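Each remark here refers to the structure printed beneath this line.
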Amino acid sequence: MEATPQIPQYATLPSRHFWRRAVACIVDIIIFQAVILIVVYCISTVIPLDFRFAGWSYTQCGVEVSDQVAKRIDAGWPLKPGEVRISQICEVSQIGSEKQRYLQTGVSHQTDNWTSARWLTIPVDADGNPAIGTVSVYPIVISGIVNIALLALAFAYFSANGRRTIGKKLLGLRVQSVDGKNPGLGTEFRREILKFSPYLLFIAADFAFSLFPVFPTEDFDALLRMSRDGYTLLDSGAAMFDIILGIAALIWWFLPLIFWRGQTFYDRICACKVVKS
């Protein structure tokens, strides 16, 4: 009697919903962030605020520097043959905060093959004079934390107790606990804070770098002489740290979806999962 070969049975693993989750998250972040920006802008028209959103700014340059500052620039950073100087005041506008003013001065040198330029950008006071002091980063830090808390609260409210965010509705997703129940607001808020924790690391990293002096000296004339001799303000250390944190954030959000089907780190911590509704 011949034995009938058995076809191996494979356990059906839950779907990752990778692209659905990514698109839904992007849609929700755009909607919630837009609402937060509008609310902050409306409040700032009535009550003075210093609520700064990193990246949400508009820069306008072209204001001429005063004759006194222009003379100091010419004396500290004299032009070489073939160089052209550009000096101007730039204003940076951000939603929810007053305009920040900066002096931008530099020289450009053009040859037959390329054009090179060196720039020096420093804050100025209300009179347009250089103010190379310590810039307070507390408004940026506080704004970043409040922004993340509001985003997490919005995500949590519209995902708790069987509700769904607009992005999840469009993509047909729902958040559930591992036992199939609808998580409450407290569980969802903890889950969303864990989800946005990489952003909090970015804020902490920026704050740590802000504790170091931006310029090697607070003497404007000495800084001009250093720029004349080839000094350039570099921010490669902070940029490299941001890249490392960015990679860590991607690992935190997406790598677990490859090994734990349908669950991220913060899903497993909060005993939740995202299912198709």
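The values are calculated or read from the model by the stated rules, or taken from the named source; none is laboratory data. Computed from a predicted model, the values in this text were never measured in an experiment. The accessibility values were calculated without ligands, DNA or RNA, using every heavy atom of the protein model including side chains. Shrake-Rupley method; radii C 1.70, N 1.55, O 1.52, S 1.80 Å.
Each of Trp77, Trp114, Trp19 has its accessible area taken with a 1.4 Å probe; listed largest first, they run Trp19, Trp114, Trp77. A 1.4 Å probe run over the protein chains yields, for segment 113-179, 52 Å² of accessible area per residue, whole-number rounding. Classification of segment 171-216 by its C-alpha gyration tensor yields a prolate form. The axis ratio a/c (a ≥ b ≥ c) is 1.5 or more, and a/b outweighs b/c. Run the accessible area of segment 153-203 with a 1.4 Å probe and give the carbon-and-sulfur part as a rounded percent. Here carbon and sulfur together make up 63 percent of the probe-accessible area.
In this structure the amide hydrogen of Val63, modeled in the peptide plane, comes within under 5 Å of the amide hydrogens of Ile89, none closer than 5 places in sequence on its chain.
Here's the list of lysines a cross-link from Lys276 could span, going by alpha-carbon distance under 21 Å and ignoring same-chain residues fewer than 8 apart: Lys168, Lys169, Lys181, Lys195.
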